[in-house]
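Peer 1: Starting off with a structure, shown below.
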Amino acid sequence: MALNIIFAGTPVFAERHLDALIKSEHNIVAVYSQPDRPAGRGKKLTASPVKQLALQHEIPVLQPLSLKTEDAQQELNNFDADLMVVVAYGLILPQAVLDSPRFGCLNVHGSILPRWRGAAPIQRAIEAGDHESGVTIMQMDEGLDTGAMLLKKTCSISATETSASLHDKLADIGPQALLETINAIETKTLNSEAQDDSLSNYAAKIEKSEAQISWQEDAQLIDRRIRAFVPFPVCYSELAGQRFKIHKAKPSAETVAKRPGELKLQGQSLFVQCGKGSLELITVQAPGKKAMPSQDWLNGLGFKLPANEFDS
């Protein structure tokens, strides 16, 4: 049986799920997405990936600033939907919206709940050193990612995982998990599980200020944060008074210098001493340059560093 579905989402992660629904037997009666935002060098107003896909398939797109007004809620009610699917939408859904579709609202969340609730579960899982992640399909309620869990799909987090690579893993497994859940709703075979609040952590939104490296910290922690903040906001440190970004590194237990932040050349490899252990810099971005292998950057300098240590 085909369901009439409202989809709400904004970024690429959400677009992958909308694409799966469009290709399914179900009817997408409307798409909700965030208002167009300035993007690119020209700061031209640009539609979200979800909106662009919806327009390609001639699906009505709505972009309200809020769903808390009576007009917005009545407009949503008029679609008479069986189900609303929410994936990285970016707006709070009031109870009136949650109650509007016949089967309520489902959310695809990028972590194994209740481990990480909030805006940045992918980044926080890597930063914390988790070995596993996944997606949870959840029945939405008014809390922050607190609804009953309907289905989970897991994946591993490797020792070199970045937020970009983990995002892609979850974007691969999420759509199938969503379709399985919708099928279970149709066949009335759905099992729900309440979350244990005592096991939850808040995955706070990533702030740019978090990307500045403190070399006093453990090399393992710095490495995890570097990987967590790729592709945004990218970790950095000050070198010779200029911002120097680090896209990829490799932690080591070896002590290479006396002070945290001190640089050490070993052959063609560049190391930085940390509070505990050291980091080999693999991919770096000097001011005004593109990201490049550290050896290429060093070759361009004739292996003469502009300074012998980072600001710590």
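The values are calculated or read from the model by the stated rules, or taken from the named source; none is laboratory data. Quantities reported herein were computed from a predicted structural model and do not represent experimental measurements. Heads up, the Cβs are rebuilt from the backbone with ideal geometry, glycines too, and the neighbour counts pull from every protein chain shown.
Peer 1: Residues of segment 120-165 being within 22 Å of T10 (Cα to Cα), in contact (Cβ under 8 Å) with a residue 12 or more places away in the chain and surrounded by fewer than 16 Cβ atoms within 10 Å (Cβ to Cβ), which ones?
Peer 2: Answer for segment 120-165, where residues must be within 22 Å of T10 (Cα to Cα), in contact (Cβ under 8 Å) with a residue 12 or more places away in the chain and surrounded by fewer than 16 Cβ atoms within 10 Å (Cβ to Cβ): E142, L144, A164.
Peer 1: Now for a different question. Could you please let me know if A159 is modelled with pLDDT of 95 or more, assigned by TED's automatic domain parsing to the domain that holds T189, under 30 Å from D218 (Cβ atoms) and among the small types (G, A, S)?
Peer 2: It is true that A159 is modelled with pLDDT of 95 or more, assigned by TED's automatic domain parsing to the domain that holds T189, under 30 Å from D218 (Cβ atoms) and among the small types (G, A, S).
Peer 1: Quick check: anything in segment 234-249 closer than 26 Å to G110 by Cβ, exposed (fewer than 15 other Cβ atoms within 10 Å of the Cβ) and aromatic (F, W, Y)?
Peer 2: The answer is no; no qualifying residue exists.
Peer 1: Next question. If V61 satisfies all but one of (1) aliphatic (A, V, I, L, M); (2) under 21 Å from V12 (Cβ atoms); (3) touching a Cys at 6+ places or on another chain (Cβ under 8 Å), what's the number of the condition it fails?
Peer 2: If we test V61 against (1) aliphatic (A, V, I, L, M); (2) under 21 Å from V12 (Cβ atoms); (3) touching a Cys at 6+ places or on another chain (Cβ under 8 Å), just (3) comes out false.
Every residue, every condition in (1) outside the structural domain of A120 (by TED's automatic domain parsing); (2) surrounded by fewer than 19 Cβ atoms within 10 Å (Cβ to Cβ); (3) in contact with a strand residue (DSSP E or B) (Cβ under 9 Å, 6 or more places away or on another chain); (4) at pLDDT below 95, yes or no:
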| site | (1), (2), (3), (4) |
| --- | --- |
| A8 | no, no, yes, no |
| D19 | no, yes, no, no |
| V31 | no, no, yes, no |
| G42 | no, yes, no, yes |
| P49 | no, no, yes, no |
| L53 | no, no, yes, no |
| I59 | no, yes, yes, no |
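Peer 1: With L76, L91 as the choices, which residue is under 27 Å from I185 (Cβ atoms), surrounded by 14 or more Cβ atoms within 10 Å (Cβ to Cβ) and either modelled with pLDDT under 95 or not assigned by TED's automatic domain parsing to the domain that holds I122 (or both)?
Peer 2: Checking each option against the conditions leaves just L91.
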